[in-house]
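As structure tokens, the structure follows; a few thoughts come after it.
Nothing in this text is a laboratory measurement; each read-out follows from the coordinates by a stated rule. What you see is a predicted model, and the numbers here were worked out from it, not measured in a lab. Cβ atoms come from the backbone with ideal geometry, glycine included; neighbour counts cover every protein chain shown.
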Amino acid sequence: MTTSPDGLLPTTRRALLHRLAAAQTDGRAPSLVAAIGRGGTTVWEGARAAGPLPGETQYRIGSITKTFTAVLVLRLRDEGLLDLGDPLEKHLPGTGAGELTIAELLAHTGGLAAETPGPWWERTPGALRPELADVLGEEPFRHPKGRVHHYSNPGYTLLGALVEEVRGARWEDVLREEVLEPLGLHRTGSRPQSPHAEGWAVHPWADVLLPEPVEDLGLMAPAGQLWSTTGDLVRFGMFLARGDERVLSAESVREMRTPAAPAAAADLAAGTSYGLGTQILNLGGRTLIGHSGSLPGFLAALFFNPEEDVTAVVLANCTSGPLVVGVAAEFVRIVAEAEPRIPEPWRPAPRVDPAVLELAGPWYWGATPHALRLTEDGGVLLGPLNGWGRGSRFRARPDGTWVGLEGYYAGEVLRVARRSDGSVSHLDLGSFVFTREPYEAGAPVPGGVHPEGWRGSAAP
């Protein structure tokens, strides 16, 4: 990936620099660095610092590490080594939290505590917690499993241990071999490598600094250990948006960024939800997907908007101060509004299965008109014509059926029913019958319904 200083218009670049400068000044951050990715490349980089900081300077990224760990777990699933519905005990016995499913751990719905027992794990050596029992403590649960989304750092320690158990290698070694090296993230790792920023606390009432300690988190590493750069994180964000067959398919990264946890009322009001290792924000009508992170001395945010193909990364070397998530969201907004994404040119499909093409067009669920369209990825989209109601994309399965990918029909099976002569009779979607005519006579329930058929006026 190359860096293009002219990737954005001068007015856009100045707007980004102004927002970055204001955030660094108002947030009183020793340094603030940022980058924007679009179209598979970095199109803008900016830095505001007390001293010279090269664009490849490492910062600690805290909980963005969890998204990397989630990628490793999804890889195990895609290889058939585990299922997300498996209880942890099946692959990692003896933890005391074995009844939790892998999906519940990924989505923070297992009910585990947010933190380890004291002392505070972010400011103490990982050697103080040599075993998983030290991470979970005597009372690891705070909520019934599967009922609520309760963010849990120990939950991702369990996922890191799961990766090590199944792979038979250290978490950080698996991460480097399976994710960092294939994606070219050469400046991302568990320990800082020069040049790297120093972490600071800024006094709340005076312009003075206090150095923050840098601890090796030990078993907690899969929850927050990593260091990275703006360049590497832009690459990682674009991977999460598009997928990469060397690491995870587009379908699997789409699954990661699909809401997987029940949202509390406060989260619904704030427009936030959680997928499988990703945070999902709805700000100003725009969806942002990624993760935030913090550790003593550092703040980090990585978010992308799939519709506008904009990835924003913001890193700071202070414990508190600039609201990096808000800055990242502003960066996405600035680029999306100033330079809307130019649609890809329309091109005819290289090949279309005639049996699938035959399904395209209008269908009726009872008297409600729907349309079935073929999608670029070889799937189909079935939804109401008025834009309201239930609709979904569907992926083809080898047996000739289709499986729903989102919303009400996620996981539901769409079947094509044919007559004895091979012609299409109707579509069956989880027992809902779609016909070519409203209440088509001769179709299964609810076909025809009344023997007198349609009439011109209602009976008095």
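Which chymotrypsin sites (Phe, Trp or Tyr not before Pro) in segment 358-460 sit in a loop by DSSP (not H, G, I, E or B) and have at most 15 other Cβ atoms within 10 Å of their own Cβ?
Trp388, Trp454
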Would you mind ranking Lys90, Lys145, Lys66 so that the residue whose beta carbon has the fewest other beta carbons within 10 Å leads the list?
-> Lys90, Lys145, Lys66
Towards the positive end of the charge dipole of the chain, with charges on Cβ (+1 Lys, Arg; -1 Asp, Glu), say which of Tyr156, Val314, Leu82 has the farthest Cα.
-> Val314
Mind checking the angle between helix 324-338 and the chain's longest principal axis? C-alpha axes, 0 to 90 degrees, to the nearest 10.
-> 50
Report the net charge of residues surrounding Glu412, where surrounding means a beta-carbon distance below 11 angstrom and charges are Lys +1, Arg +1, Asp -1, Glu -1.
-> 0
Rounded to whole Hz, the Karplus (6.51, -1.76, 1.60) HN-Hα couplings of segment 428-445, x for glycine and proline = 10, 10, x, 5, 7, 9, 10, 10, 6, 10, x, 6, 4, 5, x, 7, x, 3
Which GluC sites (Glu not before Pro) in segment 279-371 pass both tests, a DSSP loop state and at most 16 other beta-carbon atoms within 10 Å?
-> Glu307, Glu358
When Lys and Arg each count +1 and Asp and Glu each count -1, what net charge do the other residues less than 11 Å away from Thr278, Cβ to Cβ, add up to?
-> +2
Helix 230-242: angle to the longest alpha-carbon principal axis of the chain, degrees 0 to 90, nearest 10?
-> 10
If you take the charge dipole of segment 172-231 about its Cα centre, with +1 on Lys and Arg Cβ and -1 on Asp and Glu Cβ, which of Gln225, Gly189, Ala201 is farthest toward its positive end?
-> Ala201
Kindly provide the helix-only [θ] at 222 nm of the chain, computed as the sum of -39,500 (n - 2.57) over DSSP H runs of four or more divided by all residues, to the nearest 500 deg cm²/dmol?
-> -7000 deg cm²/dmol
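In which sequence would His291, His150 go, from the one with the fewest C-beta neighbours within 10 Å to the one with the most? Could the numbers behind the result be given before it?
Details: His291 25, His150 18.
In order of increasing Cβ crowding within 10 Å: His150, His291.
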Round to the nearest 10 and give me the degree value, 0 to 90, for the angle of helix 153-167's Cα axis relative to the longest principal axis of the chain.
-> 80
For segment 354-435, using Cα atoms only, the Rg and Dmax in Å read 11.8, 35
Amide H to amide H under 5 Å from Ser425: which residues, 5+ apart in sequence or cross-chain, H placed 1.01 Å off N in plane?
-> Ala417, Arg418, Arg419
In order over segment 314-322: 3J(HN,Hα) from phi, Karplus 6.51/-1.76/1.60, θ = phi - 60°, whole Hz, x for each Gly or Pro, gives 9, 10, 9, 10, 8, 5, 8, x, x
Pairs of Cα atoms under 8 Å, at least six residues apart: use those to get the relative contact order of the chain, whole percent.
-> 16
Identify, among Ala133, Ala264, Gly146, the residue whose Cα sits farthest towards the positive end of the charge dipole of the chain, taking +1 on the Cβ of Lys and Arg and -1 on the Cβ of Asp and Glu, with the dipole about the Cα centre.
-> Ala264
Ascending count of other beta-carbon atoms within 10 Å, so fewest first, for Phe298, Phe141 = Phe141, Phe298
Among the chymotrypsin sites (Phe, Trp or Tyr not before Pro) in segment 195-260, which ones are in a DSSP loop with at most 10 other Cβ atoms within 10 Å of the Cβ? Mind listing them?
-> Trp205
Integer Hz, Karplus 6.51/-1.76/1.60 couplings in order for segment 124-132, x for Gly and Pro | 10, x, x, 4, 6, 10, x, 10, 4
Value of relative contact order over segment 176-281, rounded to a whole percent, pairs C-alpha under 8 Å and six or more apart = 21
